[in-house]
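Bear in mind these aren't lab numbers, they're just calculated from the coordinates by the rules spelled out. These numbers were taken from a predicted model, which means no experiment stands behind them. FYI the Cβ positions are ideal-geometry reconstructions off the backbone, even for glycines, and counts take in every protein chain you see.
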Amino acid sequence: MQLVQPKGNGLKLERLKTKEEPAARFTGQAWITGRFLAWWPAGASNASDETPEYLLIADAKGAAKLPHFTLRYKNQRLQYLVEIIDLTNGEAAMRLIFGEAKARQLLDPRVDSVDATGTFLIEDYEVGVECDAAWAHAMFVKAEIPRNLFAGRGEVPQRC
């Protein structure tokens, strides 16, 4: 496994592990374009979910800026590009993006999901590969959202 670090994203490598399950941790901050999504995986009415999931879903431009791993194998190069970032402070991010009233609608829970499209500043970025799929975590710092989108049911990408 080899780590790919796109230039000019503001992230600096702090720690790298390449054996068995590769992972890397970065300091610094990066602006990523895409979509913030907070959602109840089984729906708001399902009492078995304890907390919603908070994700930053990078668009193609945003994903191209993120460090990721590649694997060279028999004249092939597999890229483990990061599309979904689990946010470590998702509830705080949701409150900053949507405000207290809309955030409460999700947390009560009265809606299945809320989402917003824009540019998001992240820090404490971690990336790795597990079960032949990329994973990533980061902390949300702030957002620039040209238009707030609020919905009761959003599209959620499939994950491993």
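What ranking of Asp112, Asp124, Asp132, Asp86 emerges when the number of other C-beta atoms within 10 Å of each C-beta is taken as an exposure proxy, fewest first?
Going from least to most buried by this count: Asp132, Asp86, Asp124, Asp112.
Could you give the length gained on full extension between Lys17 and Ala60, defined as 0.36 nm per residue of separation minus the Cα-Cα distance, in nm?
Full-extension gain reported as 12.9 nm.
For Glu14, Glu83, what's the fewest-to-most ordering of other Cβ within 10 Å of each Cβ?
Numbers: Glu14 13, Glu83 19.
By the 10 Å Cβ count, ascending: Glu14, Glu83.
Give a residue-ordered list of calculated ³J(HN,Hα) values for the stretch 81-93 (Karplus: 6.51 cos²θ - 1.76 cosθ + 1.60, θ = phi - 60°; whole Hz; x for Gly, Pro).
Result, rounded to whole Hz: 5, 8, 10, 10, 10, 6, 8, 7, 10, x, 5, 5, 4.
In the Gaussian network model of the chain, springs joining C-alpha atoms below 10 Å, which of Glu20, Glu91, Glu126 carries the largest mean-square fluctuation?
Per the Cα network of the chain with a 10 Å cutoff, Glu20 tops the list.
The chain: percent of C-alpha pairs farther apart than 21 Å?
Details: 5912 of 12720 pairs.
The calculated P(r) of the chain puts 46 percent of pairs beyond 21 Å.
Among the lysines, which fall within straight-line cross-link reach of Lys142, defined as a Cα-Cα distance under 30 Å, with same-chain neighbours fewer than 8 residues apart omitted?
Answer for Lys142, where 30 Å is the Cα cut-off: Lys7, Lys12, Lys17, Lys61, Lys65, Lys102, listed by chain and number.
Under a 10 Å cutoff between Cα atoms, tell me which one of Leu96, Leu37, Leu56 has the largest fluctuation in the Gaussian network model of the chain.
The residue that fluctuates most here is Leu96.
If neighbour count is taken as other Cβ atoms inside 10 Å, put His137, His68 in order from fewest to most. Walk me through the numbers on the way to the answer.
Values: His137 15, His68 22.
Arranged by neighbour count, lowest to highest, His137, His68 become His137, His68.
At a Förster radius of 30 Å, what calculated FRET efficiency corresponds to the Cβ-Cβ distance of Arg110 and Arg25, to the nearest 0.05?
0.25
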